[in-house]
Amino acid sequence: MATVTVSHISKSFGDLKAVNDVSFEVFPGEVFGLLGPNGAGKTTTIRMVLDIFRPDKGEVAVFGGKLSEGKKDRIGYMPEERGLYKDLKLEPTLLFLATLKGLDEKTARARLEEWLKRFDLYDHRHKKVQDLSKGMQQKAQIISTLLHDPDLLVIDEPFAGLDPVNTRLVKDIIEELRQAGKTIIMSTHQMYQVEALCTRIVLINKGHTVLYGEVDKIKRDFAGNALELVGQGNFADLPGVLEVQRRNGRMHLVLASGTDPQEVLRALVARDDVKLERFEVAEPTLEDIFVTVVQQEHGDA
């Protein structure tokens, strides 16, 4: 049974249609990517899942039905904006937030000590939140999300402000939670983290669903929408090319949907200032697919 079922939800604010007929399911033991450009409707969708907003149309089911107060204690939510009390000390702040989720203080203290040590925050537990670095505040926010051992986690930009060591630590923790059967909805703009962690995604743009399904299948469906080139010359303003990136001495070209790679090759060969040493169709990354779909929609608009 799905932990979260979102069925044809819509939400408007005045004349703005923030979410328009979005549907998806998320299952236990899954890291699910909720993706989209800025202003796409992701945060509004999350707030409807959490019953902060009520949808104008459609339904949301969590743990098999409507979200009750008891079910809310089984959810951990980490918003993109840090929500800790900045002028209070770290340890009592995290303990207070844990008791709001139904933990007794003794259990909360025991769990908190373990998490603080794992995140290398134990020696900083008596500092005010505002005196911690941005990375430390992000780790504290993650602890507040995990401390009550939720069955469903909704995490928005979990890697923001983290160095590579702590990024790897958070990725390891997310994988541990997945293996423990937790349900994780992750929203982020770091597409390489989505590829590393998520098996399925939904991509929302302008309030509606534009992609939904397994990451591997989506990448297969978009095969041919990226090229790898080795050579010298002018690779700008090519027909059907949305973006040109330099990666490890190669040129990576993101193609618009429906662009024939052979057309791009012919355009390159026709240029006197281009010398090609290698030309091949590459497997698209999620970032390539994101750019292709979003820019294609903007072009259609």
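The values are calculated or read from the model by the stated rules, or taken from the named source; none is laboratory data. Being a predicted model, the structure only gives us computed values, none of them experimental. Neighbour counts run over all protein chains shown; Cβ positions are idealised from the backbone, glycine included.
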Could you list all residues from segment 29-64 that are surrounded by fewer than 17 Cβ atoms within 10 Å (Cβ to Cβ), on the phi < 0 side of the Ramachandran plot and either touching a His at 6+ places or on another chain (Cβ under 9 Å) or of a type outside the set (A, V, I, L, M, F, W, C) (or both)? 38, 54, 56, 57, 59
Let me spell it out: the conditions are (1) of a type in the set (Lys, Arg); (2) modelled with pLDDT of 95 or more; (3) surrounded by fewer than 17 Cβ atoms within 10 Å (Cβ to Cβ), and residue 74 meets all of them except one. Which number is the exception? (3)
Quick check on segment 255-287: of everything there that is closer than 11 Å to residue 228 by Cβ and hydrophobic (A, V, I, L, M, F, W, C), which residue is farthest from the chain's Cα centre (by Cα)? 279
Specify the residue that is farthest from the chain's Cα centre (by Cα); the eligible residues are those in segment 214-233 that are under 20 Å from residue 255 (Cα atoms), at pLDDT 90 or above and acidic (Asp, Glu). 228
Scan segment 234-254 and give yes if some residue there is closer than 30 Å to residue 199 by Cβ, modelled with pLDDT of 90 or more, among the acidic types (Asp, Glu) and not assigned by TED's automatic domain parsing to the domain that holds residue 196, otherwise no. no
Inside segment 146-166, can you point out the residues that are assigned to a helix (DSSP H, G or I), touching a residue at least 12 places away in the same chain (Cβ under 8 Å) and of a type outside the set (A, V, I, L, M)? 166
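Conditions tested, residue by residue: (1) farther than 14 Å from residue 283 by Cα; (2) exposed (fewer than 15 other Cβ atoms within 10 Å of the Cβ); (3) hydrophobic (A, V, I, L, M, F, W, C).
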position: 221; (1), (2), (3): no, yes, no
position: 226; (1), (2), (3): no, no, yes
position: 233; (1), (2), (3): yes, yes, no
position: 238; (1), (2), (3): yes, no, yes
position: 256; (1), (2), (3): yes, no, yes
If I filter segment 10-42 down to residues being at pLDDT 95 or above and acidic (Asp, Glu), which single residue comes out as farthest from residue 183 (Cα to Cα)? 21
If I filter segment 196-203 for residues that are more than 18 Å from residue 29 (Cα to Cα), within 17 Å of the chain's Cα centre (by Cα) and not in a loop (DSSP other than H, G, I, E, B), do I get at least one hit? yes
Sole residue being surrounded by fewer than 18 Cβ atoms within 10 Å (Cβ to Cβ), part of a helix (DSSP H, G or I) and among the aliphatic types (A, V, I, L, M), chosen from 98, 110: 110
I'm trying to understand the selection: among the residues of segment 190-213, which are modelled with pLDDT of 95 or more and either small (Gly, Ala, Ser) or not assigned by TED's automatic domain parsing to the domain that holds residue 24 (or both)? 213
Single residue of 157, 176 found to be within 25 Å of residue 289 (Cβ to Cβ) and among the acidic types (Asp, Glu): 157
Of the residues in segment 237-254 that are under 16 Å from residue 291 (Cβ atoms) and assigned to a loop (DSSP other than H, G, I, E, B), the one that is farthest from the chain's Cα centre (by Cα) is 238
Cβ-Cβ under 9 Å, sequence separation 6+ or interchain: first residue in segment 128-145 and farther than 21 Å from residue 99 by Cβ and without any contact (Cβ under 8 Å) to a residue 40 or more places away in the chain, partner in a helix (DSSP H, G or I) and among the polar types (S, T, N, Q). Which pairs? 135/166
Name every residue in segment 5-17 that is part of a strand (DSSP E or B) and surrounded by fewer than 22 Cβ atoms within 10 Å (Cβ to Cβ), in order of residue number. 5, 7, 8, 10, 12, 13, 16, 17
State which residue is nearest to residue 24 (Cα to Cα) when the search covers only segment 77-94 and only residues that are free of Cβ contacts under 8 Å to residues at least 40 places away in the same chain and surrounded by fewer than 17 Cβ atoms within 10 Å (Cβ to Cβ). 81
